[in-house]
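The values are calculated or read from the model by the stated rules, or taken from the named source; none is laboratory data. Predicted model only: the values in this text are computed from it and were never measured. As a convention, Cβ positions derive from the backbone with ideal geometry for all residues, glycine included, and neighbour counts pool all protein chains shown.
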Amino acid sequence: MRLTEMLLLSTDPRSAASLLADPAFVARCVRASGATPDEVDVAGAAPGAFRIRTRRGLTSDQVPAPLRAFARGRLEITQVEEWGAPDSDGDRAGTVAVDVTGTPVRLRGTVTLVAHGPGTSALRYAGDLHAGVPVFAEVVERAVAEAVRTALSATAEVAELTLRPGSRPGPHSA
């Protein structure tokens with residue numbers, strides 16, 4: 001299943017990249033999505049290439065119904081974003097990989113961060129979501145796609161709270 005999502009961030013691409021590469025911001029996004037941030041690792045820094053790796057946990061009641069048989073009380077999701085260095089305008093591209101431990105579900109794709117008008121950036125995710133579950137693949141893929149959209153929506157909300165003038169969210173904010 002093809003999945004494409006775009007988030008608009010109220011800042012330029014360079015500042016958006018700095019935000020995305022901030023481990024505290026990443027942890028807030030994971031919590032805002034309803035998951036527990038078991039691991040947040042950022043290697044490199046926004047002026048150049050960087051890598052974000054998160055491992056998050058969802059309790060079985062948070063897991064989409066078609067995946068509950070795999071959850072066994074808890075589901076672990078690992079997401080890795082590999083961001084390249086920016087071009088002269090601050091735009092950048094990278095890859096994204098999401099794996100749901102213990103399930104035949106994975107997402108592989110690209111991610112871009114580009115200017116989208118004055119003071120705004122577009123963060124675009126595009127990828128192929130695959131669930132290797134015979135007969136139920138489409139149902140599982142739709143459920144996982146909705147969970148991915150929910151997590152990305154949480155990221156957009158946390159970004160807007162963080163970017164709001166005078167805002168300094170704490171470690172447990174949205």
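With respect to Arg31, is the statement that it is surrounded by fewer than 20 Cβ atoms within 10 Å (Cβ to Cβ), assigned to a helix (DSSP H, G or I), out of contact with any Gly (no Cβ under 9 Å at 6 or more places or on another chain) and in contact (Cβ under 8 Å) with a residue 12 or more places away in the chain true?
Yes, satisfied.
Where residues in region 73-93 are modelled with pLDDT under 90 and surrounded by fewer than 17 Cβ atoms within 10 Å (Cβ to Cβ), which of them is nearest to Pro37 (Cα to Cα)?
Arg74
Looking at (1) in contact with a Pro (Cβ under 9 Å, 6 or more places away or on another chain); (2) closer than 22 Å to Gly57 by Cα, which is the one condition that is false for Ala115?
Only one criterion in (1) in contact with a Pro (Cβ under 9 Å, 6 or more places away or on another chain); (2) closer than 22 Å to Gly57 by Cα is unmet by Ala115, namely (2).
Considering each of Val158, Val105, Val96, Val100 in turn, give the residue that is crowded, with 16+ Cβ neighbours inside 10 Å, without any contact (Cβ under 8 Å) to a residue 60 or more places away in the chain and within 13 Å of the chain's Cα centre (by Cα).
So the residue among Val158, Val105, Val96, Val100 that is crowded, with 16+ Cβ neighbours inside 10 Å, without any contact (Cβ under 8 Å) to a residue 60 or more places away in the chain and within 13 Å of the chain's Cα centre (by Cα) is Val96.
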